[in-house]
Amino acid sequence: MPLRTAATELTPEIVFDSAGGLLTMQGECYPENPVAFFAPLLVEMQRFLAASAPRTISADFRLRYVNSASSRVLRRVLVLLDAFPRREAR
C-alpha cells in the first residue's frame, strides 16, 4: 500500500508507491517541522532500500516553493534516491 500524505497550504502531497516504483511530491513545501513531516517518507524509503532486492524508482518533484529548512531534509530524500539502482535512459 503506497504511503500518501495529503497536501495542505504548507505541505506538499507525497505519494511513495514502492510496488509501482514511483515517488511523487507536489505543492508548497514549508512545514513548521520539516523533520517530523518527512520522517514517514524517510522511514519508508529506508525500509524499501533494506529489502533484499530493491527495484528502481522514478521520482517526480513539482514543488512551487521550498524553504531552507525543508531543503535540508529534502537533501536526505535525494541521497536515499541516489542509493536506488539506476535504469538506463531510453
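Results, tabulated for the structure shown:
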read-out: Charged-residue dipole, Cβ positions (Lys, Arg, Asp, Glu), the chain about Cα centre, Debye nearest 20; value: 340
read-out: Helix axis angle, 34-50 relative to the chain longest principal axis, alpha carbon, degrees; value: 0
read-out: Average Cα contact separation per residue, the stretch 3-83, under 8 Å, 6 or more apart, as relative contact order %; value: 31
read-out: Using alpha-carbon coordinates, inclination of helix 68-83 to the longest axis of the chain, degrees; value: 0
read-out: Expected 222 nm ellipticity per residue - DSSP helices of 4 or more, -39500 (n - 2.57), all of the chain, to 500; value: -12000 deg cm²/dmol
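None of the figures in this text is laboratory data; all of them are computed from the coordinates on show. The structure presented is a predicted model; accordingly, all values stated were derived computationally and were not measured. Using ideal geometry, Cβ is built from the backbone for each residue, glycine included, and neighbour counts are taken over all protein chains shown.
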